[in-house]
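Novice: Take this structure, written in C-alpha cells, and hold onto it; I'll ask about it next.
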Number of protein chains: 2
Amino acid sequence: MYLTQALKRSVQINAAGPATSYRGRERSWAQVQQRVACLAGALHGLGHESGERAAILALNCDRYFEFYYGVAWAGSVFVPINTRLAPPEVEFWLNDSGSRVLFIDDQFLPTLDALRGRLDNVEHIVYVGDGETPDGLLDYEALLARSEPVADAERGYEDLAGLFYTGGTTGRSKGVMLSHRNLVMNIFNVLPTLQFQAGMRWLHAAPMFHIADGLATFGVTAVAGLHTFIPSFSPDAALSAIQEHRVTHTLLVPTMVNMVVNSPNVADYDLSSLTGLTYGASPMPQSVIERAMEVLPDCGFTHAYGQTECAPLVTATGAEFHMLKGPHAGRFKSAGRAVPGVELKIANASGRELPRGEIGEICSRGPHVMQGYWQRPDLTAEAIKDGWMHSGDAAYMDEDGFVYIVDRVKDMIISGEENVYSVEVENALYQHDAVVECAVIGTPDDTWGESVHAVVRLHDGKNTSADELISHCRQLIAGFKCPRSISFRDKPMPLSGAGKILKPELREPFWEGQDKSVN
Amino acid sequence: MYLTQALKRSVQINAAGPATSYRGRERSWAQVQQRVACLAGALHGLGHESGERAAILALNCDRYFEFYYGVAWAGSVFVPINTRLAPPEVEFWLNDSGSRVLFIDDQFLPTLDALRGRLDNVEHIVYVGDGETPDGLLDYEALLARSEPVADAERGYEDLAGLFYTGGTTGRSKGVMLSHRNLVMNIFNVLPTLQFQAGMRWLHAAPMFHIADGLATFGVTAVAGLHTFIPSFSPDAALSAIQEHRVTHTLLVPTMVNMVVNSPNVADYDLSSLTGLTYGASPMPQSVIERAMEVLPDCGFTHAYGQTECAPLVTATGAEFHMLKGPHAGRFKSAGRAVPGVELKIANASGRELPRGEIGEICSRGPHVMQGYWQRPDLTAEAIKDGWMHSGDAAYMDEDGFVYIVDRVKDMIISGEENVYSVEVENALYQHDAVVECAVIGTPDDTWGESVHAVVRLHDGKNTSADELISHCRQLIAGFKCPRSISFRDKPMPLSGAGKILKPELREPFWEGQDKSVN
C-alpha cells in the first residue's frame, strides 16, 4: 500500500507495454521503472534523504510523470507547484515546504530569475525541458544517465508522499499532506468509479500539478495503462492528442470541456476512442454538458467532486446518470454519491448528520482523508474533527444519496438561528430581469448576528429599487432569506483568478474593526 | 475502512433497493441495516463485549448474511464454521476460538447434540432455522424483535473482524485472523477484478462459511447489490435461482461448474442474466471450462486464486483471457496475475525473487495479508516472513505476469541441490498407458537428502516394470527428476475429503523415525 507498488506491478504484468508517450518518446513500463530507479539514485546522489521534499514547476510532460514516481521511489516527498502562481507565491511554497531540489522547465525560467537569492533551501535545480540546459542547472537526462538505479524505498502506509498546496487567492497557501495510504486508497476509489482498466490510454490535459489530474497519474499506473501528455491545454492540442494516441479517458474542467466541444474544428477529429470523460472542480453549465453529450454520444461522462484534502475523490455521478430524460434526468447536476471507500455525511455546525434535503456541510471520513496541513496543526484541527474532514462546501443530500452543492460554508450567512445560503438568494435575485450581477453577503447586525445583504449591479439602462428587489425575492424564497438591505454598484464585481466573485472583498467595508473573518 | 461502512453506504445510496432475497423474504438495505443494528443490540444484551467471538454453523441463508454484519456492527469477531466438519472438529473450532455465542440451523442440531457438555465457552445458542425453535435455544427473530438497535461499533482498521479456520484434513486447524483492513482491501481488489457494480445480483451458491464466497458477502455490499441464497449447492437449485432472481454474478468451484454446465436440464433454464462467473479453489479441467464457455457464451469467466490468509484474492485471469484461440489462448489455465493491491513474487526458499519461468513459492505482500494465526505465533512466523505471506503453493510466472501453479511446496522433493516438483513427474508417469494412478514423493536418501520415489497403480490387466517406467520418464523429463525407485500398489490411493491424494500417508512408512515432517 505504497505508491510505487503499482509501478512495479505494471512492470510485472506489462513490462513491454507502453507506459508514456510524449513528443515521439515512447517508453515501456520496464523502461520507465528503470528511469524512475535512476532518478531516485540521482536524488540520493544529490544528498536527498528519506522524507525530504523535492518540488517541480513545469508544464505537463513524461518527465513530470517520472518525477512523481522517482521521488516516491527515493523515499522522498513530492511538491508539485501550481503553474499559475506569481513568483512570490512560488517562493512561499518552496520555502514553506523546505524543498532542496527543484525541477523546472523553460516556461518557468523567468520565475526562477525573479526568485534568485530568495529561495532558502533549494540547493539543486534540475532542468526538465527539451532545450539546452541553462547555466547552473542540472540536465535531467544527463543526471539520469550518470546515476545508478537504486532499490525502491518501499515507504509505509503512513509515510508522507506529497505536499499539495491549496489556496492562495485569499489567505495563505496551505500544504496538504497526503500519505501513501491516502493516495493509494484514492486509486481504489477511482478504479471502479471511473472504470479504469487494462488497455486504457489517458491524456494528461489538465495540469499535472493538480491532484485532480493526479488521480490518473496514480490510477492509470495501477492498471498499467498508457500516459500521454499535452504541455498545457488548448482545444486543438487536446483534440489532436485524443485522435493521435487513440485516447480512451481524460479529465477536463468545465471550461475545457466547453472549449473542446464548441471548438469549430471538433468535427474534423476522430474522437471515437474516447469512452470516459471526467469533469469537475467547478460548476458545469447545463448547455455545455448537453452539447458534450451530443458531440460525444458514445463517451461516458462522470461528474466528480473532491478536494485536495481528500486525495481527491469524494463523490461521483457516473455515465448512467447522464441522461436528459427518464427517472434519472438531471442527476448529473448533482456532485454524485459517495465513492466506495468514502464515508459521507451532510452535517450541521456541531457535526450532527442532517436529514435528507437539509443544507449543511459536506464531511467525509476514511483512509482518503489527509494527514493534515503542513506545519499548521491549528488549521488541521479546524478542518478535521473526530476524523471527519470538513469540506467547507454547503450541500444537501437527496433520498438516493446524491449530493447537491449549494454554496461555500464561509459564504453562508447565519441570521438569528437560521442559515441562509447566499447562492439561493442570488438565484432569486438573478430571476429579476434588471439584475446582471449580484453577490449576497452577511453584514453585522446587533440583533441577528448577521443580516442578509445583497450587492447588485444592474443591466445598462435598467432600473429598479431595493424595495422592489426585496419584494421580488419574497415571492420566491422564505422571508428570513430575503435581503434586508441592498447596495448597488456600477463596476463589475471583483473576481478571483478562477473567475469567482471575491466576497471577502465585498464583505470587508462592512466588517471593518469587527471579528468576523473576511477570508 | 471498517466493514460496516459499506453497509451504511448502501443504505445511504440505495435505502429502498433490494439487499437480500431468500424464500420470498425480500428486504431492502434500510431493513437489513435495521436488523443488523438490532442483532448487535441482541449480542450486547447477551453480554457480548467488543472483540469477543460469535460463531455460526449453518447453511446459506439471509440470516447468515445478517450474522456477518451484525457481529461486526457489535464490534465482535465472526467465526464461520465449515459445514462439512465432524463434531470433534466443530468442537475444536468453537473451543479454540472461545466463542460464547453460536448461531445454528436445523441441519446441525445433531452435531450440537453430539457436543453437549463439550463446549467450554458457548453460553448462548441462537436458532436461525425456519422451523420451531428447539428447547434451550434462542429464537433468532424473537431475539431481534425484543432488541433495540445499537450504534455501529465503528471498529478500527487493525481490529480483528473474523476468524476463518483452515486445514483440518491433515494436522490441526488454524484460525486465520482477518482484520477489518484485510477484508476491506479485498473488496477493493474484487471490485475492478470481478467487475462488481451497482445493480448486480449475486447468488451465494458456494458455502458462506468459506472466504471464497465471503468476497461477495462484503464485495456485493460495497456496490449495494442484491444477495440471493441457496442453502446448499445442487445444480438444479443453482440453475433455478439464477433464473428466478435474474442473477448476474456468482462463484462456483470447478466441480459445481461441471455439475451445472453438464446438467441434463441446463437448456431448460434462462441463464441470460449471468454475466460474471468466478471459479477457483481447485484445478479446472479443460473440458469443463470449454463446455461452460459453450453453454454460457455471453458470460465472462474469471479464474481466481487466493487463500484464506489473503482475505482471499491474490491473482485472477479475467474474461478477456478466456479464449480458445488467438494470442491469449489457454491463458485461463493460469491462476492469473496479481490483482491491483497485491504485491506478488515467486521466491526461492530464502525469499529471493526468481526469474520468470523458474518454479518457486507464491508469496504476496500488502494490506490483504492476515494478521496471523489465532494464538499460534509459531505458525504465523513460519507463514509470514518480512511481511510476505508464503502460500505453500509452488508456481512459475510467465513473461506477462501470469502465474501457473504446479504443486504444493510441501510436495516438492529436494534432491541434491535440485527441486523436483511431484506434479511434473506424475504428468510424465501418466503418459505411460499402463499407469492408472500415481503419486510421487520424496524418500530419505543419505547422499541426496531426498530421493524421488513413485507410488504407482496399474490398469487392471496391464503390466510394466519399474525400469520401464523410469526409462519412459527419461524421455520426457530431466534425469534428476526421474524416479529412483518405484513401488506398485493394488489398492486405490488414500484420498482426502476434497479428493486429493494424501501424500503424507504415502510418505509415512519411508520416514518413520526420521525428521522430515509428514504433514
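The values are calculated or read from the model by the stated rules, or taken from the named source; none is laboratory data. Everything numeric here is computed off the predicted structure, so don't read it as measured data. Please note: Cβ atoms are built from the backbone with ideal geometry, for glycine as well, and neighbour counts cover all protein chains shown.
Novice: Every residue in the stretch B:269-282 that is assigned to a strand (DSSP E or B), out of contact with any Pro (no Cβ under 9 Å at 6 or more places or on another chain) and either surrounded by fewer than 16 Cβ atoms within 10 Å (Cβ to Cβ) or not β-branched (Val, Ile, Thr) (or both), please. Walk me through it before giving the result.
Specialist: Initial filter on the stretch B:269-282 (assigned to a strand (DSSP E or B)): B:276-280.
Retained after the next criterion (residues that are out of contact with any Pro (no Cβ under 9 Å at 6 or more places or on another chain)): B:276-278.
Matches in the stretch B:269-282: B:GLY276, B:LEU277.
Novice: Just to be sure before I move on: is B:ASN262 touching a strand residue (DSSP E or B) at 6+ places or on another chain (Cβ under 8 Å) and not small (Gly, Ala, Ser) in the structure I sent?
Specialist: In short, no.
Novice: Looking only at strands (runs of 3 or more DSSP E) that lie completely in the stretch A:325-438, which have at least 3 residues being modelled with pLDDT of 90 or more? Before the answer, list the steps.
Specialist: Details: elements: A:343-347, A:360-365, A:388-397, A:403-408, A:412-415, A:418-421.
Those strands (runs of 3 or more DSSP E) span A:343-347, A:360-365, A:388-397, A:403-408.
Novice: Take the stretch B:396-431 and flag every residue that is in contact (Cβ under 8 Å) with a residue 60 or more places away in the chain and away from chain A (no Cβ under 14 Å).
Specialist: B:TYR404, B:ILE405, B:LYS410, B:ASP411, B:SER415, B:GLY416, B:GLU418, B:ASN419, B:VAL420, B:TYR421, B:SER422
Novice: Those residues that are within 14 Å of A:GLY442 (Cα to Cα) and outside any helix (DSSP H, G or I), I need them from the stretch A:472-508; list them, please.
Specialist: Within the stretch A:472-508, A:CYS482, A:PRO483, A:ARG484, A:SER485, A:ILE486, A:SER487, A:LEU502 qualify.
Novice: Something else now. Considering only residues of the stretch B:311-355 that are among the basic types (Lys, Arg) and within 10 Å of chain A (Cβ to nearest Cβ), which is nearest to the chain's Cα centre (by Cα)? Outline the logic, then answer.
Specialist: First pass over the stretch B:311-355, keeping only residues among the basic types (Lys, Arg): B:325, B:331, B:333, B:337, B:345, B:352.
Next, only the ones that are within 10 Å of chain A (Cβ to nearest Cβ) stay: B:337, B:345.
Working: B:ARG337: 18, B:LYS345: 21 Å.
Checked the stretch B:311-355; the qualifying residue nearest to the chain's Cα centre (by Cα) is B:ARG337.
Novice: Regarding the stretch B:231-240, can at least one residue be identified that is in contact (Cβ under 8 Å) with a residue 60 or more places away in the chain and within 14 Å of chain A (Cβ to nearest Cβ)?
Specialist: Checked the stretch B:231-240: no residue is in contact (Cβ under 8 Å) with a residue 60 or more places away in the chain and within 14 Å of chain A (Cβ to nearest Cβ).
Novice: Another one. Being buried (at least 24 other Cβ atoms within 10 Å of the Cβ) and either out of contact with any strand residue (DSSP E or B) (no Cβ under 8 Å at 6 or more places or on another chain) or under 24 Å from A:ILE242 (Cα atoms) (or both) is the requirement here; does A:ALA86 meet it?
Specialist: Answer is no for this residue.
Novice: Residue by residue through the stretch B:486-519, note down the ones that are touching a helix residue (DSSP H, G or I) at 6+ places or on another chain (Cβ under 7 Å) and modelled with pLDDT of 80 or more.
Specialist: Those that are touching a helix residue (DSSP H, G or I) at 6+ places or on another chain (Cβ under 7 Å) and modelled with pLDDT of 80 or more: B:ILE486, B:PRO494, B:LYS503.
Novice: Could you look through the stretch A:93-134, keep only residues that are surrounded by fewer than 17 Cβ atoms within 10 Å (Cβ to Cβ) and in contact (Cβ under 8 Å) with a residue 40 or more places away in the chain, and pick out the one that is nearest to A:ALA145 (Cα to Cα)?
Specialist: Restricting to residues being surrounded by fewer than 17 Cβ atoms within 10 Å (Cβ to Cβ) and in contact (Cβ under 8 Å) with a residue 40 or more places away in the chain, the top hit is A:ASP130.
Novice: Another one. State whether one or more residues within the stretch A:161-173 are closer than 21 Å to A:PRO367 by Cβ and either within 13 Å of another protein chain (Cβ to nearest Cβ) or surrounded by fewer than 19 Cβ atoms within 10 Å (Cβ to Cβ) (or both).
Specialist: There is at least one residue in the stretch A:161-173 that is closer than 21 Å to A:PRO367 by Cβ and either within 13 Å of another protein chain (Cβ to nearest Cβ) or surrounded by fewer than 19 Cβ atoms within 10 Å (Cβ to Cβ) (or both).
Novice: All but one of (1) at pLDDT below 95; (2) surrounded by 18 or more Cβ atoms within 10 Å (Cβ to Cβ) hold for A:GLU290; state the number of the condition that does not hold.
Specialist: Evaluating A:GLU290 over (1) at pLDDT below 95; (2) surrounded by 18 or more Cβ atoms within 10 Å (Cβ to Cβ) leaves (2) as the failure.
Novice: While we're on this one: Limited to the stretch B:462-471, what total is found for residues that are of a type outside the set (Gly, Ala, Ser), surrounded by fewer than 14 Cβ atoms within 10 Å (Cβ to Cβ) and in a loop (DSSP other than H, G, I, E, B)?
Specialist: 2
Novice: Here is a further query. Quick one: is B:PRO88 farther than 19 Å from B:ALA40 by Cα, modelled with pLDDT of 95 or more and in the same structural domain as B:GLY162 (by TED's automatic domain parsing)?
Specialist: No; evaluated as a whole, the condition is false for this residue.
Novice: Has the stretch B:204-221 got at least one residue that is within 12 Å of another protein chain (Cβ to nearest Cβ), farther than 20 Å from B:GLU26 by Cβ and surrounded by 24 or more Cβ atoms within 10 Å (Cβ to Cβ)?
Specialist: yes
Novice: Working carefully through the options B:ALA42, B:ALA30, find the one that is of a type outside the set (Val, Ile, Thr), surrounded by fewer than 21 Cβ atoms within 10 Å (Cβ to Cβ) and modelled with pLDDT of 95 or more.
Specialist: Numbers: B:ALA42 fails: surrounded by fewer than 21 Cβ atoms within 10 Å (Cβ to Cβ).
Residue meeting the stated conditions: B:ALA30.
Novice: Restricting the search to the stretch B:109-119, which residues are in a loop (DSSP other than H, G, I, E, B) and over 20 Å from B:GLY162 (Cβ atoms)?
Specialist: Correct list: B:LEU115, B:ARG116, B:GLY117, B:ARG118.
Novice: Return the total of residues in the stretch B:247-268 being buried (at least 17 other Cβ atoms within 10 Å of the Cβ) and not in a helix (DSSP H, G or I).
Specialist: Total meeting the criteria: 8.
Novice: Also, I was wondering about something else. Can you pull out the helices (runs of 4 or more DSSP H) entirely within the stretch B:153-246 that have at least 1 residues that are among the acidic types (Asp, Glu)?
Specialist: So the answer is B:211-222, B:235-245.
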